[in-house]
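Structure first, commentary second.
The values are calculated or read from the model by the stated rules, or taken from the named source; none is laboratory data. Everything quoted here is computed from the prediction, not taken from an experiment. Here the Cβ positions follow ideal geometry from the backbone for every residue, glycine too, while neighbour counts run over all protein chains shown.
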Amino acid sequence: MRTVTIGVSIAVPEPHGSLLQERRAGFGDAAAHGIPTHVTLLPPTEVDASDLPAVEAHLAAVAAAGRSFPMRLSGTGTFRPLSPVVYVRVVEGADACAWLQQRVRDASGPMDRELQFPYHPHVTVAHGIDDAAMDRAFEELAGFEARWPCTGFALHEQGADGVWRKLREFTFGGAVVPPQAGHADVGRGTIASR
């Protein structure tokens, strides 16, 4: 049976996404151009390719239960020494991200899994590079700020080349948008706490 590696994430929109991706590459993180700038909801997870329709149906149900919410990034943090990561902090929208990731990994769904570390929403800007470059990322992005209304999330698959590609976008309120289609209008409200 063929397996695929998938992930679920909230995209950091333009111009912020490209800016952070370029900065990540500039710090020497070789993986930067293969990973769209994002907040993870489901880390890389191996599933049978035949389970993808069930995965998409599950994600559509999660999105249908969600509502748009404000996201704000501000400043930097690090998981060092536990994990060699420098990130931009999610200072608004973290509770909604936590709500979403719990539902994505729901024990009754096709992506039930344990996490290696407790869930902490963030945007990685340096991973696995030398300490001096990690320090530079932490310092140079300390004043970074971005805000946007989060209206959904996306399912990605990692190719054999290590590049993550969007398979499908899921808009809160139930709409499923193929990757080549436009984005839904921005809605208002908060994540339901069901």
remark   = Reported set for the range 145-169 where residues are charged (D, E, K, R) and either at pLDDT below 95 or over 16 Å from residue 47 (Cβ atoms) (or both) is 145, 147, 161, 166, 169
inquiry  = Suppose we filter 120, 156 for residues that are surrounded by 14 or more Cβ atoms within 10 Å (Cβ to Cβ), of a type outside the set (Val, Ile, Thr) and part of a loop (DSSP other than H, G, I, E, B); which single one remains?
reply    = 120
query = With respect to residue 83, is the statement that it is without any contact (Cβ under 8 Å) to a residue 40 or more places away in the chain and not hydrophobic (A, V, I, L, M, F, W, C) true?
reply = yes
task = Scan (1) within 18 Å of residue 127 (Cα to Cα); (2) in contact with a Leu (Cβ under 6 Å, 6 or more places away or on another chain) for the single condition residue 8 breaks and write down its number.
result = (1)
inquiry  = The conditions are (1) in contact (Cβ under 8 Å) with a residue 24 or more places away in the chain; (2) not in a loop (DSSP other than H, G, I, E, B), and residue 143 fails exactly one of them. Which is it?
reply    = (2)
